[in-house]
Amino acid sequence: MKKHNIFFSVAKRLLFFSAPLVAFLYILYEVILGLKMGFSWIYAVFYASIIGISSGINYREGSIEEEVSSFKIMKEKIKNGRWDIVESSKNSVTVIPQFDFPYNKIIKDKILAEYTDGKAVLSGPMYYLQKLRNDILGKKNFWISKKMEIFSLVFILLLISVPILGEYGLFWKIKSIRHEAFAKKIEIIDVKDDGKPGNSIENINNYGFAAEDEQNVYYVNRHLNLIKMDKELKNKEYLIEKPSGTGISRLNVKDGWIFYLSGTSLYRMRTDGTQNELIYKSGYLLDVNMYGKWLYFINMSDKFNVYKIDVNGRGLERVVKEEVSDIAIYDDRLYFSYYSDEGFYMESMLLDGTDRRVEFEGQIYNLIIHDDYFYFQGDENQIYRAKKGGSAETLLNQRPGLYIIIDDTIYYTLESDEERLRYSKLYRMNLDGSGKELIEEFGSIDGLSHIGSWLYFEDRDIRSDEENNRFLDI
């Protein structure tokens, strides 16, 4: 009997299992549940791995031997079992299984049973050989068989339900329940709910590597260290200093407390460096905006919806149920950009969720509102501005790495002439896009921020890989 190539066998099973599964999921999603069925490489690799590994293990070619009294008895046992005899000779039979649908109908694996020297020699896929041997020996157990069928059915239903449960947010719900239990252990602190921000939108758009209060500036050094200085850039003090680990970003400072991200965790600590405490650890956060005693953010763990949480890690609540790419808070209004089947939109609403309205139709990143204009990056990451209710005009038709508005000037970075995606050139231009001027070329610019009277960024020397903190007096 010809042996099957294991890779060909696995490929066939992947195909004949996946095609009806995809069709079933499409009907379940689109027709029955009314959900959009999108493609996910994560789920595709997950399912292919499960099916491929199990097929490779179960359907690998092999042979086993078992003592039997005669060929006649062996053949009778097979005929009375779960097998169809397709070929028969003096001392052997070739069979195919009546079970294992749909593989038994489509792939039609064959098993050879030979009788020689008082033994049954069985050859073929190992999954079938175990069952054929039990049938020949009369060891078939009805209840074990039924339990395995039920287990297999439950396992398949669990596999199918994974994307559905994810679509309905069950995994995030589990995370949020765990967070609520965790938050109850966090010490309560008092921060004024006065409608004041913890950092400027301009700084937040550029990863929040710097922030300030009335007396001091706080900035991230080498992505790892958090430094405090007065506004004359004196009395330098390390609040966090570490040689390696997860980076620090998304700084917000309010009422004597610093809030910052490190990896997937949100921390708070006093501005003197004491009482450093974890308040959230349930996934990556983007665009962390502090307003009053609340922190608003894009939650990557729940389809990029917008959430808020208070300074004590409590009151976790979804604010916007859209796949959001950018948020900003101005004058008690939350502005958020998202994509839907109809296109790109930017909307706004009051922080209590009322008065929701469309502000602009189009793709918007890194929104800044300045003098009744929307400034933003859109198609190809170019810089645009638009009057509220008006159309957009292009201010910069190149692709900057970062941009920031300080007073009546836009500062932005452009790529080096020598290396793509290394933004080494610092430019400025007027608010209407005129007066473009190169200020200076550095090594590699990261994290434009406005603190005190300074434009702050990190400058990495591409030759020595050393990073220098730059403070330009503006």
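Numbers for the structure displayed
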{"read-out": "Least to most buried among Met290, Met300, Met126 (fewest other Cβ within 10 Å first)", "value": "Met300, Met126, Met290"}
{"read-out": "Relative packing of peptides 183-194, 426-437 - highest average C-beta neighbours within 10 Å first", "value": "426-437, 183-194"}
{"read-out": "Among the listed pairs Lys184/Lys308; Lys185/Lys321; Lys173/Lys196; Lys228/Lys254, those beyond 21 Å (Cα-Cα)", "value": "Lys185/Lys321; Lys173/Lys196"}
{"read-out": "Förster radius 56 Å - calculated FRET efficiency between Glu277 and Gln398 (Cβ-Cβ, nearest 0.05)", "value": "0.85"}
{"read-out": "Per-residue ³J(HN,Hα) for the stretch 221-236, Karplus 6.51 cos²θ - 1.76 cosθ + 1.60, θ = phi - 60°, Hz, x for Gly and Pro", "value": "10, 6, 6, 10, 9, 10, 10, 10, 9, 6, 7, 9, 6, 10, 6, 5"}
{"read-out": "Sequence-distant residues sharing a close amide H with Gly247 (under 5 Å, placed H)", "value": "Gly263"}
{"read-out": "Amide H contacts of Asn199 (H built 1.01 Å from N, under 5 Å, at least 5 apart or other chain)", "value": "Val253, Met290"}
{"read-out": "Estimated distance in nm for a label pair at Glu322 and Lys185, the labels positioned 7 Å out from Cα along Cα-to-Cβ", "value": "3.8 nm"}
{"read-out": "log₁₀ of I(q)/I(0) at q = 0.14 Å⁻¹ - the stretch 190-319, Debye sum with one point per alpha carbon", "value": "-0.56"}
{"read-out": "³J(HN,Hα) computed for each position of the stretch 340-357 - Karplus, 6.51 cos²θ - 1.76 cosθ + 1.60, integer Hz, glycine/proline x", "value": "10, 4, 8, x, 8, 9, 10, 10, 9, 7, 5, 5, 8, x, 8, 6, 7, 8"}
{"read-out": "Cβ-Cβ FRET estimate between Arg314 and Arg60, R0 fixed at 60 Å, reported to 0.05", "value": "0.65"}
{"read-out": "Sorted by Cβ density within 10 Å, fewest first, the residues Thr394, Thr271, Thr354", "value": "Thr354, Thr394, Thr271"}
{"read-out": "Rounded to the nearest 20 debye, dipole of the stretch 190-319 from Cβ charges on Lys, Arg, Asp, Glu", "value": "360 debye"}
{"read-out": "Amide H within-cut-off set for Tyr330, under 5 Å, with H built and near neighbours excluded", "value": "Tyr335"}
{"read-out": "Ranking of Val306, Val220 by count of other Cβ atoms within 10 Å, fewest first", "value": "Val306, Val220"}
{"read-out": "Low-density loop cleavage sites - trypsin sites (Lys or Arg not before Pro) in the stretch 68-124, where at most 16 other Cβ are within 10 Å (DSSP)", "value": "Lys90, Lys108"}
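None of the figures in this text is laboratory data; all of them are computed from the coordinates on show. Just so it is clear, the structure is predicted and the values come from calculations on it, not from any experiment. Note that each Cβ is placed from the backbone with ideal geometry, even for glycine, and that neighbours are counted across all protein chains shown.
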